[in-house]
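Q: Sharing a structure with you now.
The values are calculated or read from the model by the stated rules, or taken from the named source; none is laboratory data. Note that the structure is a prediction, hence the values are computed from the model and not measured. Cβ placement follows ideal geometry from the backbone for every residue including glycine, while neighbour counts extend to all protein chains displayed. Surface areas here come from the heavy atoms of the whole protein model, side chains and all, with no ligands, DNA or RNA. Shrake-Rupley method; radii C 1.70, N 1.55, O 1.52, S 1.80 Å.
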Amino acid sequence: MRLFETGRGLAVGTMLAVIILSPNLASAATSPRGELEDFFRRAIAIRGEATTAKQARDDVRGLARALFDGRTASRQALGREWNRRTGAERDEFARAFTSVLERAYLDIVQARLPRDRPPAIRVIGEDISGDRAAVVRTKVQTRDGGDVQLDYKMNRPGKAWLIRDVVIDGVSLVENYRAQFARVLRRSSYAELLERLRTVAGTRAETTGASSRRTTAR
């Protein structure tokens, strides 16, 4: 999966710039909307400072990963199976799924954006429930001239607001994965599900490579 590369990848940086420069988006950094704007602002800075497309891509992915509440998303996606897992298993699953989720989000955003012009992006609402849950609703102009709606479901497990799900034109990323995971669990096993997830996340290859280096060192 290639993000933030020369050509198509530049569209993502353009999208972020349009969001930040809009005069209607001023808000406190501690609000759900403010947390998203802070992410966009920092992503723009990375795009300007990175020396290679790969560096920009990896650094922005790191920002996105930090913005997602991977543990809450993982519990929702895994369903009842979450309660059957040990603490260590939950941690491992959450690490892999967070990587998959943020990558899917960035891929989908990139695929929808215009390639030849800055998209028009609007924040159309922020709904806060109590002090721990919120939805920030946005609309983005797509490359075919239509609109796609992205609703960011957020919660506040600590001091910062984090994304627990992104709903794109009414389709929840987390619920989509939940349906896929349920099918794998019905037909196979949790071990098979984790193996597939780790492969998609890239953690399996990284772990294998690290083990090989340790073996060589011995």
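Q: Just one of (1) modelled with pLDDT of 85 or more; (2) open to solvent by 70 Å² or more (accessible area, probe 1.4 Å) trips up Gln149, so point out which.
A: Every condition holds for Gln149 apart from (2).
Q: Scan region 73-91 and give yes if some residue there is within 21 Å of Leu36 (Cα to Cα) and open to solvent by less than 10 Å² (accessible area, probe 1.4 Å), otherwise no. It would help to see each step written out before you state the result.
A: Here is the first cut: in region 73-91, the residues within 21 Å of Leu36 (Cα to Cα) are 73-74.
Subsequent filtering for residues that are open to solvent by less than 10 Å² (accessible area, probe 1.4 Å) retains 73-74.
Yes, some residue in region 73-91 is within 21 Å of Leu36 (Cα to Cα) and open to solvent by less than 10 Å² (accessible area, probe 1.4 Å).
Q: Something else now. Could you pull out the residue among Arg186, Arg214, Arg178 that is modelled with pLDDT of 90 or more, assigned to a helix (DSSP H, G or I), within 20 Å of Glu92 (Cβ to Cβ) and open to solvent by 70 Å² or more (accessible area, probe 1.4 Å)?
A: Working: Arg186 fails: within 20 Å of Glu92 (Cβ to Cβ); Arg214 fails: modelled with pLDDT of 90 or more.
Exactly one of Arg186, Arg214, Arg178 is modelled with pLDDT of 90 or more, assigned to a helix (DSSP H, G or I), within 20 Å of Glu92 (Cβ to Cβ) and open to solvent by 70 Å² or more (accessible area, probe 1.4 Å), namely Arg178.
Q: Same structure, new question: Just to be sure before I move on: is Val166 touching a residue at least 60 places away in the same chain (Cβ under 8 Å), open to solvent by less than 70 Å² (accessible area, probe 1.4 Å), in a helix (DSSP H, G or I) and within 18 Å of Ala66 (Cα to Cα) in the structure I sent?
A: Taking the combined requirement at face value, the residue does not satisfy it.
Q: Another question, if that's okay. Does region 81-94 contain any residue that is under 30 Å from Thr142 (Cα atoms) and among the aliphatic types (A, V, I, L, M)?
A: So in region 81-94, the residues under 30 Å from Thr142 (Cα atoms) come out as none.
No, region 81-94 contains no residue that is under 30 Å from Thr142 (Cα atoms) and among the aliphatic types (A, V, I, L, M).
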